[in-house]
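Following: one structure in structure tokens, then a few remarks.
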Amino acid sequence: MFRVSQYLRELIEPTPLKPVRKPAAPVVIWNLLRRCNLACKHCYTTSADIDFPGELTTEEIFSVMEDLRAFKVPVLILSGGEPLLHPDIFKISQRAKDMGFYLALSSNGTRITAHTIEQIAAMNYHYVGVSLDGMPATHDRFRRMQGSFDEALRGIQLCLDKGIKVGIRFTLTQDNYADFPALLQLMDDYAIDKFYLSHLNYGGRGNKNRKDDALQEMTRAAMSLLFDTAHDWLKAGKEREFVTGNNDADAVYFLHWVALHYPDQLAIMKAKLEQWGGNASGVNVANIDNLGNVHPDTFWWHYSLGNVRQRPFSEIWTDLSDPLMAGLKQQPRPLEGRCGRCYYQTICNGNTRVRAMQTTGNYWAEDPGCYLTELEIAAPEAASDT
Ligand code: SF4
């Protein structure tokens, strides 16, 4: 995840480069169940409104949580399916809070209602992310449910009314690119705290629908708009958070934006982005699916590293006998193609390996989701020679 606003703040009010501590354990995104009341076009879990057999029981979830805490996992992001459909969601959330996790909920928003909001507020989630795929017509078409936009927006408003930090989660594709400016306006109108722009990743229905991936020019225009908006709002004193995900080339594109707008801070920003280090799948991000399988991130459901019913998460995560995990944790990663020769590997870390895998069968091949030009991935001296 690339924290755009954090780096913009550092441009507006520069701070020196400080040493950073490496996290002891990854953030865990946990798909508690696969059931969902919607059937979205790019759903990476291919969810449906049915019970899926073999899911972890609440008791099993509690015992995995003990292991995660002992392993020093700092953050749990509860997801699904729709996590609010889990019959024990509040029991699980309460236990996680009591254990001291930073706790976030990732929801489609339709189950945040006048009926559930009191319980949601009582959980004191640190953050609730609600997916919006565009303005009403686009969102309802993507979500394949009439009225789902209104329900999601109502959920956001209920969270805002309760003082819960809430954000829009938006996956950019060719089909909803045109709605992006209006969504930013909506964020401003409703004073929504956070905007998470996700690029399309090739998992689940997102893989089947990958022909919809935003064309590179659209992606570039969307990212420029996001940087400009986040920057202008910060300068205007609007404390909003912009983050992006599933395309670590965003940080390199951002560095080129810095070269244009804050050229005197280019070198220190490059050093800060290198400290961040780009793609963190298999290192600082982990996923546990509804059946207890562990994956390097949420888009690797076709690739299990082991199951928490058989081995503790802490053991699975540190086992480097798996070739994918060994490569993901290697520095630098064994990248090939344009990622292998990219000057900015130290910032991007080769981006999203699952896109390389899904398109070539080789998870170290170049990421086809990179939208940077050859000049933009070349060393500055080489770029200025051409
Ligand atoms: S070429 Fe690869 S490593 Fe370089 S910015 Fe693009 S995705 Fe990242």
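The values are calculated or read from the model by the stated rules, or taken from the named source; none is laboratory data. Worth saying up front: this structure is predicted, and the values here are computed from it rather than measured. Note: ideal-geometry Cβ built from the backbone for every residue, glycine included; neighbour counts use all protein chains shown.
Restricted to the range 213-238, and to residues there that are touching a helix residue (DSSP H, G or I) at 6+ places or on another chain (Cβ under 8 Å) and charged (D, E, K, R), the residue that is surrounded by the most Cβ atoms within 10 Å (Cβ to Cβ) is ARG220.
Which condition from (1) surrounded by 15 or more Cβ atoms within 10 Å (Cβ to Cβ); (2) on the phi > 0 side of the Ramachandran plot is the one that ILE156 breaks? Result: ILE156 passes all but (2).
One residue stands out among those in the range 366-377 that are among the aliphatic types (A, V, I, L, M) and within 10 Å of the ligand (Cβ to nearest atom): the one that is farthest from the chain's Cα centre (by Cα), which is ILE377. Just one residue in the set ILE164, ILE117, ILE112 is buried (at least 21 other Cβ atoms within 10 Å of the Cβ) and touching a Gly at 6+ places or on another chain (Cβ under 9 Å); that residue is ILE112.
How many residues does the range 314-335 hold that are within 16 Å of the ligand (Cβ to nearest atom), surrounded by fewer than 19 Cβ atoms within 10 Å (Cβ to Cβ) and assigned to a helix (DSSP H, G or I)?
Counting residues in the range 314-335 that are within 16 Å of the ligand (Cβ to nearest atom), surrounded by fewer than 19 Cβ atoms within 10 Å (Cβ to Cβ) and assigned to a helix (DSSP H, G or I) gives 1.
Among the residues in the range 275-286, are any under 24 Å from GLY129 (Cβ atoms), surrounded by 22 or more Cβ atoms within 10 Å (Cβ to Cβ) and without any contact (Cβ under 8 Å) to a residue 24 or more places away in the chain? No, the conditions are met nowhere in the range 275-286. Is it the case that some residue within the range 180-197 is at positive phi, at pLDDT 95 or above and in contact with a helix residue (DSSP H, G or I) (Cβ under 8 Å, 6 or more places away or on another chain)? Checked against the condition, which is being at positive phi, at pLDDT 95 or above and in contact with a helix residue (DSSP H, G or I) (Cβ under 8 Å, 6 or more places away or on another chain), the range 180-197 yields at least one hit. Cβ-Cβ contacts under 7 Å between residues 6 or more apart (or on different chains), taken from a first residue in the range 359-371 that is charged (D, E, K, R) to a second residue that is not in a loop (DSSP other than H, G, I, E, B), are listed as GLU366/GLY337; GLU366/ARG338; GLU366/CYS339; GLU366/ALA356; ASP367/CYS339; ASP367/ARG355; ASP367/ALA356. Screening ARG338 with (1) of a type outside the set (S, T, N, Q); (2) more than 22 Å from TYR253 (Cα to Cα); (3) outside any loop (DSSP other than H, G, I, E, B) gives one miss only, at (2).
For the range 124-146, a residue qualifies if it is part of a loop (DSSP other than H, G, I, E, B), charged (D, E, K, R) and touching a helix residue (DSSP H, G or I) at 6+ places or on another chain (Cβ under 8 Å), and exactly one does: ASP133.
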